[in-house]
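The values are calculated or read from the model by the stated rules, or taken from the named source; none is laboratory data. Predicted model only: the values in this text are computed from it and were never measured. Cβ atoms come from the backbone with ideal geometry, glycine included; neighbour counts cover every protein chain shown. Areas reflect the complete protein model, heavy atoms only, side chains present, ligands, DNA and RNA absent. Shrake-Rupley method; radii C 1.70, N 1.55, O 1.52, S 1.80 Å.
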Protein chains: 2
Amino acid sequence: MYYVRHINNRQNIGFSKLCRKKRKDMKFSNLYRDTLLNDIIPFWEQFSLDKDNGGYFTCLDKKGNIYDTDKFLWLQGRQAWTFSMLYNKVEKKQKWLKIAKHGIDFIKDHGMNADGNFYFSTTKTGDPLIQPYNIFSDCFAAMAFSQYAIASGNEEIKQLAVQTYFNILKKQDNPKGNYEKSTGVRPLKSFALPMILSNLVLELEDVLDKDEVEKTIDVSIHEIMEVFLDKESGLIYEFVKPDGSLEDSFNGRLLNPGHGIEAMWFMIDIGVRRNDKALINKATDTIIRILEYSWDDKYDGILYFMDANGKPPQQLEWDQKLWWVHLEALVALSKAYKYTKRKDVWEWYEKVHAYSWKHFSDPENGEWFGYLNRQGEVLLDLKGGKWKGCFHVPRAMYQCWKSFEDS
Amino acid sequence: MYYVRHINNRQNIGFSKLCRKKRKDMKFSNLYRDTLLNDIIPFWEQFSLDKDNGGYFTCLDKKGNIYDTDKFLWLQGRQAWTFSMLYNKVEKKQKWLKIAKHGIDFIKDHGMNADGNFYFSTTKTGDPLIQPYNIFSDCFAAMAFSQYAIASGNEEIKQLAVQTYFNILKKQDNPKGNYEKSTGVRPLKSFALPMILSNLVLELEDVLDKDEVEKTIDVSIHEIMEVFLDKESGLIYEFVKPDGSLEDSFNGRLLNPGHGIEAMWFMIDIGVRRNDKALINKATDTIIRILEYSWDDKYDGILYFMDANGKPPQQLEWDQKLWWVHLEALVALSKAYKYTKRKDVWEWYEKVHAYSWKHFSDPENGEWFGYLNRQGEVLLDLKGGKWKGCFHVPRAMYQCWKSFEDS
């Protein structure tokens, strides 16, 4: 009942009217806040808790029914982070702290192997299913531990955050360990690593040395803005050679517009922190450049993958429209607009906003759809799965709420 | 010039007229033969040979231009097999034997590691890029070696075929070796293995013991028709538990209609070989059942992946229409019709034929497109890539030619 009532509240906001108003900032701020608090979070509160085994169910259909019970560590960490973050930044609700602990305990008790590496997935009761084959489970666990340590003051969890962070750094040159299939004949470095580190180190700021934080930020800015951001095209590549040059191969030509845009709002956050206007401006230019390149002129929306040389990408899902790509673009544009007030940024914001709220939002059942086909129709009507959980939607709602509130 | 002329010849066959004729068998036989010999094979002869380094380029755009030069061992083996098979079964053309040798030499010199396992990919010059992380490269290498040994009488290659076959059997209980990410907590066995073995053993018949062949056929029939073919639904599952029961998990619910249909024509071939009419009938029933289940009533065509319980599949490409799925269906239906003359089989043949020739065939540039979106529009306009090479199209053309010729 509680849940249904709030969904109705949200519909009453009168979204289409909002867009026509001149004093848009406060209205957008309210839209994002209300959607976060009255739609998105109640959805996960109501449907995702595994009260028998701890942790969260993330495979939820469009109405919130559980359709699979496996637990994916990325998503366990991300949801524990989300509820800890809400407790730390929005309101000291005991309910949120309890839900965060629900995930933290599961991750701590079942997510880690003897070497401190995090599994990719477990059964609902916590038996490991898929081995730790890269470091992203570890990254989201570290983020969750750190936010929860702040929320709870729990010293053990704080130490786990620090330990996990340094374990990630130790593994960063060979993140897949024994599961790495490349021979090393043609090495490439991946954008995902500096990108996630630039965010992770800020998340862990309260539990790390100041020097460690600043050093990692310096390295991340350099890698992202000087190495992976290609000067000639203005685009961010997913993989480059160790010397930073481009490679003409499937991976070497790969563009992941959502990744590039997401990293740019991490850069804006760092620019604000350091009062570095040049960094904010360069990140803003890059957001616009990526959007211009990857916007689908035929059906609207941002394409999922592209080949930088216009060759056929190997990803069959290249033309799909994904929720997280569009939400990261909304966050990036709302921040870029807040700090630059550029007209072109605002125009892009409105374009992405109109597409995203129309196609992904599901006022009837709550939360957002994750996967649309190129035409903008729902491709998979899940609200959560193996890769979509309680993370991108609430984080973006929170970030956009705050960007517009402060504008 | 040669190539273009033959494309025109093909258009002159007057395909739409053919379909209206009552005496369809011979006409279809001619269509498949002419398309194989005057369109498909000339395309690969003209565009795929790497004359500098040996082996084949498979990343060819819609006109045959090379857009990437990496070499994928699956596709090297498959193309060497195709040209050896043509030499053995269609005509003793020295050109075909030479093209086959072109690939065989590359695979032999660059495809294998010190333990006799086959890489997934190499650079154009043959430096290994991706380690042997499953046994499918080995399977296609063994098929190629065996056909080429028959074609050439080369004893060394024959021994390599035998050696590779037994290495595959040795690895079959742990086909991914150290690259296996599953913990073993919830083991599943994969349909791909008995399926490929049922075909491989017939391919290697000339180089293996009779007992070995019959034993492997027995095991394959049992696994495919009794274990992976679910009695209740009549569908073939991609993964089952070691005891043969079904599992309610993403992999456990997965259906791959193209795989199931392809395996059924392997079963019909075995049924013919053993004069086992019950096997032919059961395979035919299964083809029809899979088609009924996986045909897209909205846009036509066969869906790529499905969840047996109607839950959201994890494969984002689930709704796409793939060339090989449809070609395998044409082969399966043409064989099923040849041996049963069932009216329902013929109706399905006509339906799949109409869809496939209309959407995948590219009379303008030659060869077939590989990847369509759900609506039947070209999603990637490549003629070859990382997974599509000179294999499914020519093999299906040959098989359908022969099915209709003998009908």
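Cα gyration tensor of the range B:49-154, axes a ≥ b ≥ c as square roots of the eigenvalues: rounded (a/c below 1.5), prolate (a/b > b/c) or oblate?
Numbers: a/c = 1.90, a/b = 1.18, b/c = 1.61.
The shape class here is oblate.
Percent relative contact order of the range B:72-214, based on C-alpha pairs within less than 8 angstrom and at least six residues apart?
For the range B:72-214, the relative contact order is 24 percent.
Just to make sure I understand: if all protein chains stay in place, what is the order of A:Tyr337, B:Tyr165 by accessible area at 1.4 Å, largest first?
Values: A:Tyr337 25, B:Tyr165 0 Å².
Descending accessible area places them as A:Tyr337, B:Tyr165.
How high is the FRET efficiency from A:Glu364 to B:Ser182, r the C-beta distance, R0 45 Å, rounded to 0.05?
0.75
For chain A, modelled as a Gaussian network with Cα springs under 10 Å, which listed residue fluctuates most, A:Asp206, A:Asp127, A:Asp115?
Looking only at A:Asp206, A:Asp127, A:Asp115, the largest GNM fluctuation is found for A:Asp115.
With every protein chain kept in the model, how would you rank B:Glu232, A:Glu262, B:Glu347, A:Glu205 by accessible area, 1.4 Å probe, largest at the top?
Working: B:Glu232 175, A:Glu262 15, B:Glu347 95, A:Glu205 70 Å².
Ranked list, largest accessible area first: B:Glu232, B:Glu347, A:Glu205, A:Glu262.
Measuring with a 1.4 Å probe in the full set of protein chains, what accessible area per residue, in whole Å², belongs to the range A:88-207?
Each residue of the range A:88-207 exposes 42 Å² on average to a 1.4 Å probe.
Using only the alpha-carbon atoms of chain A, report the extent along each of the three principal axes, biggest first, to the nearest angstrom.
58, 53, 41
Kirkwood Rh over Cα pairs of the range B:233-371 into Stokes-Einstein at 37 °C, 0.692 mPa s: D in µm²/s? Working shown, then result.
Numbers: Rh = 15.7 Å.
Translational D for this selection: 210 µm²/s.
For B:Trp96, what is the net charge nearby, where nearby means another residue's Cβ is under 12 Å from its Cβ and Lys, Arg count +1, Asp, Glu -1? Walk me through the intermediate numbers first.
On the way: positive: B:Lys89, B:Lys92, B:Lys93, B:Lys95, B:Lys98, B:Lys101; negative: B:Glu45, B:Glu91.
Result for the local shell: +4.
Chains B and A: buried accessible surface, both sides, probe 1.4 Å, rounded to 100 Å²? Each step should come with its number before you reach the end.
On the way: alone 17550 and 17540 Å², together 31340 Å².
Chains B and A together bury roughly 3700 Å² of accessible area.
Per residue, how much accessible area does the range B:249-344 show when a 1.4 Å probe rolls over the protein heavy atoms, in square angstrom? Don't skip to the answer; put the middle values down first.
On the way: 3060 Å² over 96 residues.
Spelled out: the 1.4 Å probe surface of the range B:249-344, per residue, equals 32 Å².
Which parts of the range A:65-108 would a label at B:Glu247 reach, counting a residue when its backbone N lies under 18 Å from a point 7 Å out along Cα-to-Cβ?
Label zone hits: A:67-73.
Compare A:Pro194, A:Pro363, A:Pro394 in a GNM of chain A, Cα atoms joined below 10 Å, and give the one with the largest fluctuation.
Most flexible of the set in this elastic network: A:Pro363.
Quote the charge dipole size of the range A:58-176 about the Cα centre in Debye, to the nearest 20; the model charges only the Cβ of Lys and Arg (+1) and of Asp and Glu (-1).
Numbers: 16 positive and 12 negative charges, 101 e Å.
For this selection, approximately 480 debye.
Against the empirical 2.2 N^0.38 Å scaling, what ratio does the C-alpha Rg of the range A:127-170 come to? All intermediate terms of the calculation are to be shown ahead of the outcome.
Working: Rg = 11.2 Å, N = 44, 2.2 N^0.38 = 9.3 Å.
Compactness ratio reported: 1.21.
So who's got an amide H within less than 5 Å of the one on A:Asp68, skipping anything under 5 residues away but keeping other chains? H placed 1.01 Å off N, in plane.
Close amide H contacts, sequence-distant or interchain: A:Cys59.
Ranked by accessible surface with a 1.4 Å probe, highest first, in what order do B:Ile236, A:Ile130 come?
On the way: B:Ile236 10, A:Ile130 45 Å².
I get A:Ile130, B:Ile236, largest accessible area first.
Once you charge only the Cβ atoms, +1 for Lys and Arg and -1 for Asp and Glu, what is the size of the charge dipole of chain A about its Cα centre, to the nearest 20 debye?
Values: 56 positive and 57 negative charges, 299 e Å.
Roughly 1440 debye for chain A.
Looking at the protein assembly as shown from every direction and averaging, what is the projected area of its Cα convex hull in nm²?
Numbers: hull surface 139.2 nm².
If you wrap the Cα atoms of the protein assembly as shown in a convex hull and average its projections, you get 34.8 nm².
Give the carbon-plus-sulfur fraction of the accessible surface of the range B:274-407 in %, rounded to a whole number; probe 1.4 Å, heavy atoms of protein chains only. Intermediate results must be reported in sequence, preceding the final value.
On the way: 2000 of 4440 Å².
On the range B:274-407, the fraction of accessible area on carbon and sulfur atoms equals 45 percent.
Of the accessible area of the range A:192-245, with the probe set at 1.4 angstrom, what percent is carbon plus sulfur?
So the carbon and sulfur contribution to the accessible surface is 49 percent.
Just need the relative contact order of chain B here, percent rounded to a whole number, with Cα pairs under 8 Å and 6+ apart. It would help to have the intermediate numbers written out before the result.
Numbers: 698 pairs, mean separation 72.4, N = 407.
Relative contact order of chain B: 18 percent.
How many Cβ atoms of partner chains, on average, are near each residue of B:125-133 if near means within 10 Å of its Cβ? Before the final figure, lay out the partial values.
Values: counts 0, 0, 3, 5, 7, 5, 5, 1, 2.
Taking all residues of B:125-133 together, the mean is 3.
With a sphere of radius 15 Å drawn around the Cβ of A:Glu317, what net charge do the other residues whose Cβ falls strictly inside it have (Lys, Arg +1; Asp, Glu -1)? List each step's numbers first, then the result.
On the way: positive: A:Lys321, A:Arg374, A:Lys386, A:Lys388, B:Lys321, B:Arg374, B:Lys386; negative: A:Glu238, A:Asp296, A:Asp307, A:Asp319, A:Glu377, B:Glu317, B:Asp319.
With Lys, Arg at +1 and Asp, Glu at -1, the neighbours total 0.
What is the average number of partner chain Cβ atoms found within 10 Å of a Cβ in B:385-398?
1
Under 1.5 on a/c is rounded, so check that first for the range A:223-308, then, if it is not, pick prolate when a/b is larger than b/c and oblate when it is not; a ≥ b ≥ c are the square roots of the alpha carbon gyration tensor eigenvalues. List each step's numbers first, then the result.
Details: a/c = 2.35, a/b = 1.21, b/c = 1.94.
Oblate is the answer for the range A:223-308, as a/c is 1.5 or above yet b/c matches or exceeds a/b.
Given Cα positions, please report Rg to Rh for the range A:174-256, the hydrodynamic radius being the Kirkwood one.
Numbers: Rg = 14.2 Å, Rh = 13.9 Å.
With Rg and the Kirkwood Rh in hand, the quotient comes to 1.02.
Cα gyration tensor of the range B:121-202, axes a ≥ b ≥ c as square roots of the eigenvalues: rounded (a/c below 1.5), prolate (a/b > b/c) or oblate?
Numbers: a/c = 2.71, a/b = 1.46, b/c = 1.85.
Judged from the Cα gyration tensor, the range B:121-202 comes out oblate (a/c at least 1.5, b/c at or above a/b).
Which value, in debye to the nearest 20, describes the size of the charge dipole of the protein assembly as shown about its Cα centre when Lys and Arg Cβ atoms bear +1, Asp and Glu Cβ atoms bear -1, and nothing else is charged? Don't jump to the answer; show the numbers that get you there.
Details: 112 positive and 114 negative charges, 466 e Å.
Roughly 2240 debye, rounded to the nearest 20.
Of B:Leu202, B:Phe43, B:Gln94, which is farthest towards the positive pole of the protein assembly as shown's charge dipole, taken about the Cα centre with +1 and -1 on the beta-carbons of Lys, Arg and Asp, Glu respectively?
B:Phe43
Around A:Asp285, under 11 Å between beta carbons, what's the net of Lys plus Arg minus Asp minus Glu among the other residues? Mind dumping the intermediate values first?
Details: positive: A:Lys282, A:Arg289, A:Arg342; negative: A:Glu292, A:Asp344.
It works out to a net charge of +1.
In peptide A:309-318, how many Cβ atoms from other protein chains are near each Cβ within 10 Å, on average?
Details: counts 2, 1, 8, 16, 3, 7, 3, 13, 6, 4.
Per-residue shielding by partner chains comes out at 6.
Go through the range B:259-272 residue by residue and turn each phi into a ³J(HN,Hα) via Karplus (6.51, -1.76, 1.60, θ = phi - 60°); whole Hz please, and just put x for glycine and proline.
Going residue by residue, I get 4, x, 5, 4, 4, 5, 7, 4, 5, 5, 4, 5, x, 5 Hz, with x marking Gly and Pro.
Report, to two decimal places, the Cα Rg of the range A:158-300 normalised by 2.2 N^0.38 Å (N = number of residues).
Values: Rg = 16.1 Å, N = 143, 2.2 N^0.38 = 14.5 Å.
For the range A:158-300, the normalised Cα radius of gyration is 1.11.
Express in Å², to the nearest 10, the accessible area of B:Ile290 obtained by rolling a 1.4 Å probe over the protein heavy atoms while all chains stay in place.
10
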